[in-house]
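I have placed the structure first, in the form of structure tokens, so that the comments after it can refer back to it.
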Amino acid sequence: MGEIKHLVVVKFKEGVAIEEIIKGMEKLVSEVDLVKSFEWGQDTEGPEMLTQGFTHSFSMTFDKKEDYAAFQSHPNHVEYSATFSAAIEKIAVLCFPYVRVKPAA
């Protein structure tokens, strides 16, 4: 099995300081070498009926599933998860081996 993608899609609670949550996530992934890459984005184009209220996505890549498992129990992740979870109204999470069809240029 190859690289693992961890995809999180959320809707934050009303009044949450989203910028602070994102800064915390960026700090977390910069401190944990198990994370190979990290991307995030905010929906700007999706019709409400398709986004189902979700507003932000976060994607991390790991070299292998063991690295993802180690990340889940990493003390920095465990600590940050409490802050992140408290800010979320709605969440969907997928973890999967992925196939890169078109590599970055």
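The values are calculated or read from the model by the stated rules, or taken from the named source; none is laboratory data. Owing to the predicted nature of the structure, the values given are computational and were not obtained by experimental measurement. Reconstructed Cβ throughout: ideal geometry from the backbone, glycine too, with neighbour counts over all protein chains shown. Note: areas computed on protein heavy atoms with side chains; ligands, DNA, RNA excluded. Shrake-Rupley method; radii C 1.70, N 1.55, O 1.52, S 1.80 Å.
The table below gives the values:
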{"quantity": "Label selected from (1) 88; (2) 123; (3) 135, the criterion being volume of the Cα convex hull per residue in Å³ as computed here", "calculated": "(2)"}
{"quantity": "By average C-beta atoms within 10 angstrom, highest first, the peptides 38-44, 4-10, 52-58", "calculated": "4-10, 52-58, 38-44"}
{"quantity": "Protein-only accessible surface order, largest first, of Lys11, Lys65 at 1.4 Å", "calculated": "Lys65, Lys11"}
{"quantity": "Mean Cα-pair separation over length for the chain, i.e. relative contact order, pairs under 8 Å, 6 or more apart, %", "calculated": "50 percent"}
{"quantity": "Stretch gain in nm, segment Phe38-Leu94, where the contour uses 0.36 nm per residue and the Cα spacing is subtracted", "calculated": "18.7 nm"}
{"quantity": "Surface per residue (accessible, 1.4 Å probe) for region 35-105, Å²", "calculated": "69 Å²"}
{"quantity": "Simple label model, 7 Å out from Cα along Cβ direction - Lys102 to Ala87, nm", "calculated": "3.2 nm"}
{"quantity": "Chain lengthening between Met49 and Asp63 when straightened (0.36 nm per residue, less Cα-Cα)", "calculated": "1.6 nm"}
{"quantity": "Share of carbon and sulfur in the accessible heavy-atom surface of the chain [1.4 Å probe, %]", "calculated": "57 percent"}
{"quantity": "Calculated [θ] (222 nm, deg cm²/dmol) that DSSP helices of n ≥ 4 give over the chain, each run adding -39,500 (n - 2.57)", "calculated": "-11000 deg cm²/dmol"}
